[in-house]
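Here is the structure we will look at.
The values are calculated or read from the model by the stated rules, or taken from the named source; none is laboratory data. Just so you know, these numbers come straight off a predicted model, no measurement behind them. Neighbour counts run over all protein chains shown; Cβ positions are idealised from the backbone, glycine included. When the accessible area is computed, the model is the full protein with side chains, heavy atoms only, and any ligands, DNA or RNA have been set aside. Shrake-Rupley method; radii C 1.70, N 1.55, O 1.52, S 1.80 Å.
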Amino acid sequence: MKEKIKNVIKESIDSNYGKNIFIKMDKELPLGNILYKYIENNRDKLSFQDNELEELSEFTKREIINLIIKTNQYVLIRDLLEEELYNIIKKFYKELFNLKRDVDIINIFNKSQRDIISLMEDIDELKAMNNGKREIDIVPCSEYSPEHQIRILHMDLKNIKEPILDIGCGKSGELVKYLRGIGFNTYGIDREIESEENYFNELSWFDKKFEEEKWGTIIAHLSFTNHFKREHLKLGDGHIIYAKKYMEILRSLKIGGSFYYSPNLEFIEQFMDKDEFQIEINNIKESDEIKSVKITKKSNLK
């Protein structure tokens, strides 16, 4: 029964893909009509222990976050917001499955919907997608061929240092697979990973602890610095945590190791200490504005 309701929850959440959650729809429910109908029709069969409700709450939270990221790759889900979302869902399930069988559950669904939408209003990227229409414009995360990424980043595979880490490798991790296929010790992280190979890790770059002097090469093609640049241009406080993580990434390089990325971050690169780093900025023929960068660590950071 638990696996069945998980499938229903996922189907309900996925049914909201591309919908504008800020448009009031009287007949719409927080996790979708599919879940409501399933619970209404199976209430006498549904019973969960506290640990099972916690598991369902965590599962639902992850599926909602995955849908948000799938909708807009630039959304940054901070720990506090993630915790609040979990608490809303857990309260929703506790109220839902502890009710007497003859009680109308629609009010519980509506209350949860209002709480979730109110929480989502704290995410700038989602609010910006509110175009006043029922459907929104999706901002997906594209994946590129290994050859394309190597060319764009001007990666010199003859002199590349190991181990290699691709941050924001994409759910397919094609560049990681390619580099491992030609003999390089390569790993990848992303918020969504399809492969179960142990050289992939499903987590965000903010959840990743970059240990000092561990990596020979770090790669970020249209991933980390793309998000960093967007946060910088928004003039909010999001760029601060990106700047801290950027420096953490540089500290994780071995001496002689390199950080390959695009787009460039002119607002921070111009202030880099030339005694500590060698910076190479390369043009990209597909764009007059975006450039790729290779930063090589010459000495330990002061």
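Sort segment 169-216 into rounded, prolate or oblate with this rule: let a ≥ b ≥ c be the square roots of the eigenvalues of the Cα gyration tensor; rounded if a/c is under 1.5, and if a/c is not under 1.5, prolate when a/b is larger than b/c, oblate otherwise.
Numbers: a/c = 2.32, a/b = 1.11, b/c = 2.10.
Because a/c hits 1.5 or more and a/b fails to exceed b/c, segment 169-216 counts as oblate.
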Solvent-accessible surface (1.4 angstrom probe) belonging to K214, in square angstrom, nearest 10: 80 Å²
Estimated [θ] at 222 nm from DSSP helical runs (n ≥ 4, -39500 (n - 2.57)) normalised by residues in the chain, nearest 500: -13000 deg cm²/dmol
GluC sites (Glu not before Pro) within segment 175-243, DSSP loop, no more than 16 other Cβ atoms inside 10 Å: E192, E194, E196, E197, E211, E212, E213
The chain - percent relative contact order, Cα under 8 Å, separation 6 or more: 13 percent
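Quick check on segment 1-97: take the gyration tensor over C-alpha atoms, sort the square-rooted eigenvalues as a ≥ b ≥ c, and tell me if it's rounded (a/c under 1.5), prolate or oblate. Let's see the in-between values first.
Numbers: a/c = 1.91, a/b = 1.31, b/c = 1.45.
Oblate, since a/c reaches 1.5 and b/c is not below a/b.
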Cα convex hull volume per residue for segment 194-260 (Å³): 101 Å³
The chain: DSSP helices with Cα axial extent of at least 15 Å and average Kyte-Doolittle hydropathy no lower than -1.0: 2-14, 50-71, 79-97, 106-120, 238-251
Around Y74: net Lys/Arg minus Asp/Glu count, Cβ-Cβ under 11 Å: 0
Exposure of R251 as accessible area (Å², to 10), given a probe of 1.4 Å and all protein chains: 100 Å²
Sparse-neighbourhood loop sites, GluC sites (Glu not before Pro) in segment 254-296 - DSSP loop, at most 16 other Cβ within 10 angstrom: E276, E286
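Please find the FRET efficiency linking F206 to E52, where r is the Cβ-Cβ separation and R0 is fixed at 41 Å, and quote it to the nearest 0.05. Can you show the working numbers first?
Details: r = 30 Å, r/R0 = 0.72.
My answer for the efficiency is 0.90.
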Net length gained if the chain between S145 and F271 were fully extended (0.36 nm per residue, minus Cα distance): 42.1 nm
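Using the Kirkwood radius over Cα pairs, work out the Stokes-Einstein diffusion coefficient for the chain at 37 °C and 0.692 mPa s, in µm²/s as a whole number.
Numbers: Rh = 21.4 Å.
D, rounded to a whole number, is 153 µm²/s.
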Inter-label distance, nm, simple model (7 Å from Cα along the C-beta direction), E95/N42: 2.2 nm
Other-chain or far-sequence residues with amide H under 5 Å of S204's (modelled H): none
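Express the relative contact order of segment 188-281 as a whole percentage, based on alpha carbon pairs under 8 Å and six or more residues apart in sequence. Each step should come with its number before you reach the end.
Values: 98 pairs, mean separation 29.1, N = 94.
Relative contact order for segment 188-281 comes out at 31 percent.
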